[in-house]
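A.B. asks: Dropping a structure here in structure tokens format, bear with me for questions.
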Amino acid sequence: MFNPIVIRPSLLLAGCSALVLTACSPAAEPPATSKAEESAHASEPMAMAQTPFSAAETRMHEAMMAATGADAGETWARKMIPHHQGALDMSQIVLRDTQDADIRRMAQKTVEMQTTDIAELRRWLETRVGAAAGAAAPGGGGEPPFAPAETKMKDAMMSATGANTDRMWASKMIAHHQGALEMSQVALRESQDAGIRRMAQKTIEMQTADIAEMRAWLAAHPVGGS
């Protein structure tokens with residue numbers, strides 16, 4: 001840290017010493033920033049830029065983190081409802097803004113598929129758990145190992161950007177679908193419920209296909225391309 005130099009009156013009368021003259025000289029350079037200070041500045045997190053999808057992403061992540069159930073299968077079902085709702089909301093945003101025919105087709109397909117999947121998950125909860133979707137059933141509290149996949153998905157989605165809304169949506173949806181794929185793999189490992197296993201396997205197959213389609217679109221539409 002730079003310490004100010006205090007010049008006593010006696011020194012003013014006698015004149016600055018050579019060292020003091022050097023420090024007080026108008027031509028003297030400011031103290032150099034230490035490597036430690038440079039490293040500290042470089043490691044400071046940058047504020048995340050707001051995008052047309054930010055509000056929908058935040059709602060989805062908060063609802064997913066709050067969703068829990070009595071076991072791994074129920075927890076997966078409760079988390080997948082806001083997860084699918086997030087994709088639905090973000091797809092409606094890109095449908096409002098895009099003029100690209102392929103993006104419109106993929107986004108419309110996502111809306112339809114996620115709407116169907118949400119209804120199926122809610123039916124499972126009502127039939128097997130006897131509780132309305134959206135809140136944990138009494139006696140819940142077990143926390144299956146979904147947290148790593150959720151955190152990975154959140155970080156990947158928040159950092160996914162694009163030169164325009166189309167590329168941004170595709171990039172975020174890849175991270176979104178990858179999160180569902182990994183969480184479904186956890187459900188398959190942890191749950192023995194036939195309905196959960198069927199829905200989780202279907203999610204893996206559908207999201208894997210969608211990821212491949214979106215990656216192909218991004219590759220065919222490079223930044224700066226026609």
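A.B. asks: Cα to Cα, under 20 Å, and not fewer than 8 places away if on the same chain: which lysines meet these conditions relative to LYS172?
C.D. replies: Here the lysines satisfying the reach criterion relative to LYS172 are LYS79, LYS109, LYS152, LYS154.
A.B. asks: Suppose every Lys and Arg Cβ carries +1 and every Asp and Glu Cβ carries -1, with no other charges. What dipole size does region 138-220 come out with about its Cα centre, to the nearest 20 debye?
C.D. replies: Working: 9 positive and 10 negative charges, 21 e Å.
Charge dipole of region 138-220: 100 debye, to the nearest 20.
A.B. asks: Arrange the peptides 175-182, 96-103, 200-207, 79-86 so that the one whose residues have, on average, the most other Cβ atoms within 10 Å appears first.
C.D. replies: Details: 175-182: 22.1, 96-103: 14.2, 200-207: 18.9, 79-86: 23.8.
Packing order, densest peptide first, comes out as 79-86, 175-182, 200-207, 96-103.
Every read-out reported here was derived from the displayed coordinates using simple, explicitly stated rules and does not represent laboratory data. If you're wondering where the values come from, they're calculated on a predicted model, not measured in any experiment. Please note: Cβ atoms are built from the backbone with ideal geometry, for glycine as well, and neighbour counts cover all protein chains shown.
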